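The structure appears right after this line, and notes come after that.
The values are calculated or read from the model by the stated rules, or taken from the named source; none is laboratory data. Only a predicted model underlies this, so the values are computations on that prediction, with no experimental measurement involved. Neighbour counts run over all protein chains shown; Cβ positions are idealised from the backbone, glycine included.
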Amino acid sequence: MLASSTAFVAGAVNVASLIAFFAFSSNITGHVANLAKNVVALDIYDVVSVGLWLASFFAGAYTSSYVIKTYNNRYSAYRAHSIPIIIEIVVLVIVALYCDLFYEGKQLETEFIVGCLLFSMGLQNGMVTVISGGLVKSTHLTGLITDLGAEIADYFHPRSDRPLELKNKLVVRLTILFFYILGGVLGGYSFFYFKFEIFYAIPAILLTILYYDLSTIIVHKTATVFKPKRYTGSK
């Protein structure tokens, strides 16, 4: 569920950002290449702009990982994992409201909005990386396809000694790839019909992840409250 939902969100946000603002919101490799190109061209403005975009993604990943590790020791893991999702939801709702009500297409505000989207994708990627122990990266398809190729080769190799473990990893990675593409297709298709209103729908998907985490706490506390107490007194 974590792999499919976050990959779907990443695909939808990335394609919607590309159509609306002509910039990727999760393709960090492309932004680094663009940064190098601007350095060669001595385009200082674009160097600073792309540099801030990279810093935004980094800040999101840093914030997510730091928050989870901080609150994981103080509270339950579920609460710790929910905080980055809540921050991401707030950022995406603000982007949706601004684009729907105030956006005029100016370059500076476009760059700021893309930076906010990159920050949200950094939050999400950092969260799923920490939770999955590095197995799931919802926005990093270059590494995913590389790992997929290596693991498929290992799976079919006659000397493979971990077929079950490899099979589980392959299922997760193929799930991420499928839902990322699905999110991209539906995100791009929906943008042509609903424009910036699509950014209202994406936080709703994230709420399902939040519910999945918090529902475990609710069920546990409810079971604790209504659990019959064991009688320990003497006869």
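Here is a yes/no grid of residues against (1) among the hydroxyl-bearing types (Ser, Thr, Tyr); (2) closer than 25 Å to residue 184 by Cα; (3) in a helix (DSSP H, G or I); (4) at pLDDT below 90:
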{"position": "9", "(1), (2), (3), (4)": "no, yes, yes, no"}
{"position": "16", "(1), (2), (3), (4)": "no, yes, yes, no"}
{"position": "26", "(1), (2), (3), (4)": "yes, yes, no, yes"}
{"position": "39", "(1), (2), (3), (4)": "no, no, yes, no"}
{"position": "50", "(1), (2), (3), (4)": "no, yes, yes, no"}
{"position": "56", "(1), (2), (3), (4)": "yes, yes, yes, no"}
{"position": "64", "(1), (2), (3), (4)": "yes, yes, yes, no"}
{"position": "69", "(1), (2), (3), (4)": "no, no, yes, yes"}
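Could you list all residues from segment 150-166 that are assigned to a helix (DSSP H, G or I) and either without any contact (Cβ under 8 Å) to a residue 12 or more places away in the chain or of a type in the set (A, V, I, L, M) (or both)? Full working, then the answer.
Within segment 150-166, the first condition is being assigned to a helix (DSSP H, G or I), and the residues that meet it are 150-156, 163-166.
Matches in segment 150-166: 150, 152, 153, 156, 163, 164, 165, 166.
Within segment 193-216, is even one residue over 30 Å from residue 100 (Cα atoms), modelled with pLDDT under 85 and not in a helix (DSSP H, G or I)?
no
Need the failing condition index for residue 137 against (1) at pLDDT below 85; (2) of a type in the set (D, E, K, R); (3) surrounded by fewer than 17 Cβ atoms within 10 Å (Cβ to Cβ), just the number.
Tallying (1) at pLDDT below 85; (2) of a type in the set (D, E, K, R); (3) surrounded by fewer than 17 Cβ atoms within 10 Å (Cβ to Cβ), residue 137 fails exactly one: (3).
Could you list, in sequence order, all residues of segment 81-133 that are of a type in the set (Asp, Glu) and closer than 10 Å to residue 60 by Cβ?
Looking only at segment 81-133, we keep the residues that are of a type in the set (Asp, Glu), and these are 88, 100, 104, 109, 111.
Hit for segment 81-133 is 88, nothing else.
Whether any residue in segment 16-25 is crowded, with 21+ Cβ neighbours inside 10 Å and in contact with a Lys or Arg (Cβ under 9 Å, 6 or more places away or on another chain) is what I want to check.
Step one: of segment 16-25, the residues crowded, with 21+ Cβ neighbours inside 10 Å are 16-17, 20, 23-25.
Narrowing the set further to residues that are in contact with a Lys or Arg (Cβ under 9 Å, 6 or more places away or on another chain) leaves 20.
Yes, segment 16-25 contains at least one residue that is crowded, with 21+ Cβ neighbours inside 10 Å and in contact with a Lys or Arg (Cβ under 9 Å, 6 or more places away or on another chain).
Name the single residue, out of those in segment 134-149 being of a type in the set (A, V, I, L, M, F, W, C) and in a loop (DSSP other than H, G, I, E, B), that is nearest to residue 63 (Cα to Cα).
Pass one, segment 134-149, residues of a type in the set (A, V, I, L, M, F, W, C): 135-136, 141, 144-145, 148.
Restricting the remaining residues to those that are in a loop (DSSP other than H, G, I, E, B) gives 135-136.
Details: 135: 19, 136: 18 Å.
Among those that are of a type in the set (A, V, I, L, M, F, W, C) and in a loop (DSSP other than H, G, I, E, B), it is 136.
Cβ-Cβ below 7 Å, separation at least six or inter-chain, first residue in segment 167-178 and under 17 Å from residue 143 (Cβ atoms), second among the hydroxyl-bearing types (Ser, Thr, Tyr) and not in a helix (DSSP H, G or I): which pairs?
So the pair list comes out as 176/138.
Picking from 94, 89, which residue would you name as being touching a Pro at 6+ places or on another chain (Cβ under 8 Å), modelled with pLDDT of 90 or more and assigned to a helix (DSSP H, G or I)? Quick ask: steps written out before the conclusion?
Values: 94 fails: touching a Pro at 6+ places or on another chain (Cβ under 8 Å).
Going through 94, 89 in turn, the sole match is 89.
Considering only residues of segment 64-87 that are farther than 19 Å from residue 202 by Cβ and in contact (Cβ under 8 Å) with a residue 60 or more places away in the chain, which is nearest to the chain's Cα centre (by Cα)?
Initially, segment 64-87 is screened for residues farther than 19 Å from residue 202 by Cβ, giving 65-80.
Applying the additional criterion that residues be in contact (Cβ under 8 Å) with a residue 60 or more places away in the chain yields 65, 68-69, 76, 78-79.
On the way: 65: 13, 68: 15, 69: 17, 76: 21, 78: 17, 79: 17 Å.
Only one residue tops the list, namely 65.
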